[in-house]
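Asker: Input: one structure, supplied below.
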Amino acid sequence: MSLPPFDQSTRTTFTETPNPSWAYGQKTDSTAAGAKWMEGEKGGWKVINTAEEDRLKLYTLMISGIVPRPIAFVSTISESGVENLAPFSWFNMVTNHPPIVSFACSNVPAGLKDTAHNVKNSQGFTVNIISEPFVEQANATAIDTPPEVSEWAFSGLTKASSIHVKAPRVKESAFSMECELFQSIDIVHPDTGEQSSTLVLAHVKYIHIRNDVLNERGLVDIAKFKPVSRLGDISYARVGDAFRIPRPSWQQEKDKFAELAHTAGNL
Ligand SMILES: Cc1cc2nc3c(=O)[nH]c(=O)nc-3n(C[C@H](O)[C@H](O)[C@H](O)COP(=O)(O)O)c2cc1C
């Protein structure tokens, strides 16, 4: 399949929301785009009982539907000093107080992946965010090297010293977190008793952010940061256009709810 070349120009532009005139109670099918979306339901639903589904099919289905996923690019170090690097997209922020992020490493036939093994050794690790210019390098580190082989050398990526943990940061990453293990949870299948993966809760101790990706408010500017996310199969995505919607506050909005209840008699 021939594909158009990657568009190197920055594409994240802030636009209006999909339906800027939306008001409380307005149905999705009241716009042309919304009506078209709801029409799709006419094709019916496929319902899957996970207990009866083949595990590989469940994997491919779930990673195609739970999207886009941020990616933790995790740098760890083994007891014998081998530096390991690998991406994990079953990743997210858990809370800011204390600052905790999570990622999950599924087991391989031989047992724990090197990352899951290494995070438990109390030497600390780093979680780095991947930007478009080095996604090929990052992807290469997903290779299933034996534990004694480091992924750093052939990735083309550069180690940067951490200030708190032993494992290096990825110098190419504009947003890196130095972490200590907060808790690791063995995920055991309730029916089979098989340990299938390890959920890592990481306590973020230091954050390194490249100044050039920050805006005047000291926050990360998405257009400069160019983070990549994971989709289904072997697909990645870049951030497309963005839009802003204020988070509603009951204090400010309650009169509109009362009005709606009065006119529609449905609240
Ligand atoms: C973008 C991307 C995301 C991935 N996400 C995960 C994940 O969330 N969990 C997982 O177990 N493996 C994931 N993998 C596969 C691991 O990166 C791969 O198994 C790697 O070899 C593990 O390295 P390690 O054994 O050195 O820890 C992902 C691979 C890629 C390319």
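The values are calculated or read from the model by the stated rules, or taken from the named source; none is laboratory data. All of these numbers come straight from a predicted model, not from anything done at the bench. Cβ coordinates were reconstructed from backbone atoms using ideal geometry, including for glycine residues, and neighbour counts include every protein chain displayed. Calculation scope for accessible area: heavy atoms of the full protein, side chains included, ligands and nucleic acids excluded. Shrake-Rupley method; radii C 1.70, N 1.55, O 1.52, S 1.80 Å.
Asker: For a quick check of your reading: which helices (runs of 4 or more DSSP H) sit entirely within the stretch 31-140 and have at least 1 residues that are out of contact with any strand residue (DSSP E or B) (no Cβ under 7 Å at 6 or more places or on another chain) and open to solvent by less than 60 Å² (accessible area, probe 1.4 Å)?
Answerer: Here the list reads 32-39, 55-65, 135-140.
Asker: Answer with yes or no whether THR145 is farther than 30 Å from GLN8 by Cα, open to solvent by less than 70 Å² (accessible area, probe 1.4 Å) and modelled with pLDDT under 95.
Answerer: yes
Asker: Is it the case that the stretch 197-218 has a residue that's of a type in the set (A, V, I, L, M) and farther than 20 Å from PHE91 by Cα?
Answerer: yes
Asker: Kindly indicate whether SER162 is outside any helix (DSSP H, G or I) and surrounded by 14 or more Cβ atoms within 10 Å (Cβ to Cβ).
Answerer: yes
Residue by residue, here is whether (1) outside any helix (DSSP H, G or I); (2) farther than 30 Å from ALA116 by Cβ; (3) of a type in the set (Ser, Thr, Tyr) holds:
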{"residue": "ILE185", "(1), (2), (3)": "yes, no, no"}
{"residue": "LEU201", "(1), (2), (3)": "yes, no, no"}
{"residue": "ILE207", "(1), (2), (3)": "yes, no, no"}
{"residue": "ALA223", "(1), (2), (3)": "no, yes, no"}
{"residue": "ASP233", "(1), (2), (3)": "yes, no, no"}
{"residue": "ARG244", "(1), (2), (3)": "yes, yes, no"}
{"residue": "GLN252", "(1), (2), (3)": "no, yes, no"}
{"residue": "LYS256", "(1), (2), (3)": "no, yes, no"}
{"residue": "GLU259", "(1), (2), (3)": "no, yes, no"}
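Asker: Please work out which residue is farthest from the ligand (Cβ to nearest atom), limiting yourself to the stretch 238-267 and to residues that are closer than 19 Å to THR15 by Cα, loosely packed, with under 13 Cβ neighbours inside 10 Å and aliphatic (A, V, I, L, M). Walk me through how you get there before you give the answer.
Answerer: Here is the first cut: in the stretch 238-267, the residues closer than 19 Å to THR15 by Cα are 238-247.
Next cut, loosely packed, with under 13 Cβ neighbours inside 10 Å only: 240-247.
Next, only the ones that are aliphatic (A, V, I, L, M) stay: 242, 245.
Working: ALA242: 22, ILE245: 29 Å.
This residue is ILE245.
Asker: Taking ASP221, is it within 30 Å of THR10 (Cβ to Cβ), acidic (Asp, Glu) and surrounded by 10 or more Cβ atoms within 10 Å (Cβ to Cβ)?
Answerer: yes
Asker: Condition first: over 14 Å from PRO246 (Cα atoms) and either open to solvent by 70 Å² or more (accessible area, probe 1.4 Å) or in contact with a Pro (Cβ under 8 Å, 6 or more places away or on another chain) (or both). Now tell me which residues in the stretch 19-30 satisfy that.
Answerer: Once the filter is applied, which keeps residues that are over 14 Å from PRO246 (Cα atoms) and either open to solvent by 70 Å² or more (accessible area, probe 1.4 Å) or in contact with a Pro (Cβ under 8 Å, 6 or more places away or on another chain) (or both), the stretch 19-30 yields LYS27, THR28, ASP29.
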